[in-house]
Structures are given as C-alpha cells and as structure tokens.
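Chemist: Structure incoming, see below.
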Amino acid sequence: MSEEVVLRKSDGLFYCPRCTVHYVNERAFRAHCKTKHGLKVTLFKKKSIEEKKAKARQRKQQRKATREALQAMAGKTFRLKQRALFTFAVARVRGAYQAANPIVKIDDSTVPGAGRGLFANVDLSAGDVCTVYDGEKVYEEPTDHEYACQLGVVTTKSWLMDLKDPVAGRGLGSFVNRETRGRSGCLKNCQLMRSGNAICIKILKSVKAGKELFAAYGRGYRL
C-alpha cells in the first residue's frame with residue numbers, strides 16, 4: 001500500500017489524488033482512498049493566519065510563564081532545614097567511646113608523630129558540643145602539664161589527667177590534638193569549655209565528617 005500526503009484545500013475539502021472525488025469528512029476520505037485506490041493518506045490541514053497568530057500568542061504566554069517562574073525561584077533563598085545543635089547531654093552519650101551513633105571517633109592523627117587524634121564522624125556546626133573531656137581527677141599537681149587540665153571548680157585545686165586509652169562510655173575530649181600553626185588543615189576548630197562541673201569540647205566552625213579536630217592548649221590548660 002502506497003502512501004501520500006494530502007493537503008486540505010482552502011475550500012475545506014480533501015481531493016482524492018487518484019480521481020476527482022472530494023470529501024469534507026476526513027474518515028470518509030481515508031476510507032475512499034484505501035478501498036478504491038489502495039492508498040494510505042496522511043492528511044495535512046494548512047493553518048490559517050488567525051490560527052498561526054493564536055499559536056504564536058500561546059507560545060509567547062508559555063515562555064513568559066516559564067520566565068516568571070524561574071525569576072521567582074531565583075529570588076528565593078532555599079535553606080536546608082538545620083538540625084538543632086548538639087548539647088552537652090547529647091555529647092555525653094554520642095560523643096562517648098563506642099557510642100551507638102557516634103558524633104566523633106578516634107583514628108590516627110593527620111599530624112605525623114602525634115599518635116591518635118579525634119575526628120568528626122558527622123558534619124559538625126559551630127556551637128556543637130561534640131564530646132566530653134573525661135579523665136582522672138587528681139589533687140596533686142602533675143609533673144607533666146602537657147596532658148592535664150587544671151580545674152577551678154572547687155576551692156581545692158584539682159587536675160584532670162588525660163585518658164591514655166579510650167574507655168567505653170567515657171568522653172574522648174582528651175584525644176583532641178593541639179593545633180599546628182603553619183600546617184594546612186591543622187588549625188584550631190574547637191575549644192575546651194566548662195559545662196557545670198565538667199569540661200567538654202565545643203566546635204568553633206563547621207567541620208566536615210572525617211576531618212580532625214584541633215584545639216589550642218596552654219601549659220596546664222586552666223578552666
């Protein structure tokens with residue numbers, strides 16, 4: 001079966017390309033061409049000037065609507081819903097060693113020769129309290145001030161000695177290494193702060209998961 005394109009004439013009629021028969025009805029015209037001549041026709045109606053103008057107006061309106069929608073979207077500030085900051089209570093649980101859903105973790109420090117360090121296990125924001133500085137409380141001034149915090153919580157002077165090894169359920173603040181000035185990625189991003197009678201680690205600026213935490217320590221850090 002051959003195929004042919006047939007254009008509707010200006011009088012609104014379809015004329016058979018094989019004979020002089022013409023039709024107004026498209027279905028009847030197709031049937032005639034198929035049964036009488038074995039011809040499959042594709043009908044094409046030439047649009048009037050009015051129809052072309054109407055179509056152009058429609059396209060213009062669609063473009064305008066799309067442009068306005070894009071401008072409206074560009075003018076909005078999309079913000080991801082921010083989670084609440086981690087508090088001391090959260091840090092006590094999720095910042096502990098072997099926590100079920102840990103905020104921080106221990107790993108080899110990125111500073112050569114520094115041993116172990118403390119790393120963010122999730123993205124941390126400024127203001128987050130990520131872990132607690134647990135250790136052994138002593139009342140005699142230690143000889144090694146590098147690994148002790150002096151507490152001013154009570155009248156009697158006391159010191160908090162660093163944990164040498166992590167203990168299940170205890171905070172990991174003592175594994176935060178000192179910042180290394182002049183070394184990229186090793187500057188202070190957290191600090192020690194007091195929360196009641198305890199010491200915790202508070203984030204100073206955004207820290208991505210997997211990044212190491214660093215703080216600035218003085219000789220025998222005093223709180």
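Read-outs throughout are calculated quantities, based only on the coordinates presented, and are distinct from any laboratory measurement. Everything numeric in this text was worked out from a predicted model, so none of it was measured. Glycine also receives a Cβ, built like all others from the backbone with ideal geometry; neighbour counts cover every protein chain displayed.
Chemist: So which trypsin sites (Lys or Arg not before Pro) in segment 1-108 are both in a DSSP loop and have at most 16 other Cβ atoms within 10 Å of their Cβ?
Modeler: The qualifying sites are Lys9, Arg18, Lys46, Lys47, Lys76, Arg79, Lys81, Arg83.
Chemist: Any idea how far apart Lys34 and Val93 come out in nm if each label point goes 7 Å out from Cα toward Cβ?
Modeler: Calculated label separation equals 7.3 nm.
Chemist: Could you tell me whether segment 44-118 comes out rounded, prolate or oblate from its Cα gyration tensor? Rule is a ≥ b ≥ c as square roots of the eigenvalues, rounded for a/c under 1.5, then prolate if a/b exceeds b/c, otherwise oblate.
Modeler: Here segment 44-118 falls in the prolate category.
Chemist: When DSSP assigns beta bridges and you keep just the ones with both residues in segment 1-46, what percent turn out antiparallel, to the nearest 5?
Modeler: Once the DSSP bridges in segment 1-46 are tallied, antiparallel ones form about 20 percent.
Chemist: Efficiency by 1/(1 + (r/R0)^6): what FRET value for Ala65 and Val5, r their Cβ-Cβ distance, R0 = 35 Å, to the nearest 0.05?
Modeler: Step by step, r from the Cβ atoms, then E = 0.55.
Chemist: Of Lys81/Lys211; Lys164/Lys211; Lys9/Lys34; Lys81/Lys188; Lys60/Lys81, which pairs sit farther than 32 Å apart, going by alpha carbon to alpha carbon?
Modeler: Lys60/Lys81
Chemist: For the residue pair Asn101 and Cys19, what label-to-label distance in nm results when each label sits 7 Å from Cα along the Cα-to-beta-carbon direction?
Modeler: 8.1
Chemist: Residue by residue through segment 187-200, what is 3J(HN,Hα) from phi via Karplus (6.51 cos²θ - 1.76 cosθ + 1.60, θ = phi - 60°)? Round to whole Hz and write x for glycine and proline.
Modeler: Working through the residues one at a time gives 8, 4, 10, 8, 8, 7, 8, 8, 10, x, 9, 10, 10, 9 Hz.
Chemist: Describe numerically, in nm with one decimal, the distance between label points set 7 Å from Cα along Cα→Cβ at Ala114 and at Asn197.
Modeler: 3.3
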